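Novice: Have a look at the structure that comes next, please.
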Amino acid sequence: MKKRLEQLKQDFIDLVGKVTDRDALEALKSEFLGRHGKLSAAMKEMAGLVESERKVIGELANDVKKTIEEAYGEAVGKASKASRASMAQSEWIDVTQPALGSMPRGHLHPVTQVREDLENLFTSMGFAVLDGPELESDYYNFTALNIPPTHPARDIQDTFYVAGHPGTVMRTHTSPVQIRGMREFGVPLRMIAPGRCFRNEATDVRHEHTFHQIEGVVVDRGISFAHMKGVLEAVAHSLYGKDTKIRLRPKFYPFVEPGVNGEVTCYLCTGKGCRLCKKSGWLEIFGAGMVHPNVLKEGGVDPDVYSGFAFGFGLTRLVMLKYGIDDIRHLESGDLRFLKQF
Ligand code: DAH
């Protein structure tokens, strides 16, 4: 009996050394110490022993039980340490890695798409693409463009003034980049300047405080109205197809003389008159003209030697026409339900 108990203890110790898995350890323990396990089977035989022997064997059995429990506890400790180490090996994550798959890819804003198309067209015609500040000086936005402080043209381009920055305005158009371009690069000059503009508007479906324009200016010796018409026609053809016609009608802008209001035949009805063009057959999309001598002077260019033309497209308007968008406010809303359609 004694021998049998000693053997039991030894068997457990031998087996427990070979098992590393926690479930298997648990199973091994109940195989030895469980209610129907090996130790209780041995103990059942104790019933036939005499009193004195029973006491000795009982103590031995307790000792065996304790040893098995200790060996088990030790093995469990070792097993969980090992499993933590292997988890760290096999399940580590790179926290600096972008969350693959969980971040859907976006796409370019419709204004950006049309802007890039026009930039490609103009660069193919040798124009440089310039940038200018959105917070612009009053001087560049108005005065240098032949709109002195008391000029009524300032009223129709009311904008936002930034506290603590006297003499600056959120630019009301991209035209100030004409002056910046002339000053920085001199003549001859062929440039466009796309960008955001701002006005203090009572917003509605056609008016927004933030919108986009593309400015253009060409200055060289002998530049004429015909050059201007040629370039604007090329733009119209690229936007709406070869059959598109343009119409230039006189309009006052302080920075050009003569100035024109530019229209293209409606691409939807090809000039017959429809809902889009309000039955007129024409879509108004740009302003243009021959650069005013005062503006050339402000740009550091001699108006007696050089001449030029300038134009300003309503980029936001082009996008609205292209996609049939009936409310300008969608474009700056950041509403994904709207943006996902483009
Ligand atoms: N800056 C004008 C506006 O915002 C648009 C414009 C008209 C630009 C005529 C020009 C131009 O360069 O020649 O209404």
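Novice: No partner Cβ under 4.7 angstrom, meaning no disulfide-compatible partner by this rule: which Cys of the chain qualify?
Specialist: C197
Novice: I need the phi-derived Karplus couplings for region 155-162: 6.51 cos²θ - 1.76 cosθ + 1.60, θ = phi - 60°, integer Hz, Gly and Pro marked x.
Specialist: 4, 7, 10, 5, 9, 9, 10, 9
Novice: In whole Hz, with x marking every Gly and Pro, tabulate ³J(HN,Hα) for region 100-108 from phi via Karplus 6.51 cos²θ - 1.76 cosθ + 1.60, θ = phi - 60°.
Specialist: Listing the rounded values in order: 5, x, 7, 10, x, 7, x, 8, 5 Hz.
Novice: Continuing with the same structure: If you take every residue apart from G259 with its C-beta less than 15 Å away from the C-beta of G259, what net charge results, scoring Lys and Arg +1 and Asp and Glu -1?
Specialist: Net of charged neighbours comes to 0.
Novice: Now a separate question. Using modelled backbone amide H atoms (1.01 Å from N, in-plane), which distant-in-sequence or interchain residues come within less than 5 Å of Y253's amide H?
Specialist: Counting only residues 5 or more places away or on other chains, the set is G259.
Novice: Something else: I'd like the distance separating the alpha-carbon centroids of region 245-293 and region 161-206, in whole Å.
Specialist: 22 Å
Novice: Then there's this: Starting from the amide H of V129, placed 1.01 Å from N in the peptide plane, find each other amide H under 5 Å away whose residue is 5 or more places distant or on another chain.
Specialist: HN-HN under 5 Å from V129: I192.
Novice: How would region 97-197 be classified by its alpha-carbon gyration tensor: rounded, prolate or oblate, with rounded meaning a/c under 1.5 and the a/b versus b/c comparison settling the rest?
Specialist: Oblate.
Novice: Per residue of region 287-301, what does 6.51 cos²θ - 1.76 cosθ + 1.60 with θ = phi - 60° give for ³J(HN,Hα)? Whole Hz please, x for Gly and Pro, Karplus curve as stated.
Specialist: Those phi angles translate into x, 7, x, 8, 4, 5, x, 4, 6, 4, 4, 4, x, x, 10 Hz.
Novice: Right, something else. Determine the sum of side-chain charges near P188: Lys and Arg each +1, Asp and Glu each -1, restricted to other residues whose C-beta is under 15 angstrom from that of P188. Can you show the working numbers first?
Specialist: Numbers: positive: R183, R190, R221; negative: E184, D220, D302.
In short, 0.
Novice: So which DSSP H runs in the chain come out at 15 Å plus along the axis (Cα) with average Kyte-Doolittle of at least -1.0? Before the final figure, lay out the partial values.
Specialist: Numbers: long enough: 2-16 (21 Å, -0.72); 22-33 (16 Å, -0.16); 51-90 (57 Å, -0.68); 110-124 (21 Å, -0.47); 225-240 (22 Å, 0.61).
Helix filter hits for the chain: 2-16, 22-33, 51-90, 110-124, 225-240.
Novice: Please return the longest stretch of the chain lacking exposed loop sites, where trypsin sites (Lys or Arg not before Pro) count only if DSSP places them in a loop and at most 12 other Cβ atoms lie within 10 Å.
Specialist: Longest stretch, sites excluded: 106-205.
Novice: Return, for the Cα atoms of region 2-90, the radius of gyration and Dmax in Å, separated by a comma.
Specialist: Gyration radius and largest Cα-Cα distance of region 2-90: 15.7, 58 Å.
Novice: Between D21 and D94, what is the FRET efficiency for a Förster distance of 35 Å, r being their Cβ-Cβ separation, to the nearest 0.05?
Specialist: 0.75
Readers should treat all values here as calculations from the given coordinates under stated rules, not as data from a laboratory. Treat the numbers as computed from the prediction; the structure is a model and nothing was measured. Heads up, the Cβs are rebuilt from the backbone with ideal geometry, glycines too, and the neighbour counts pull from every protein chain shown.
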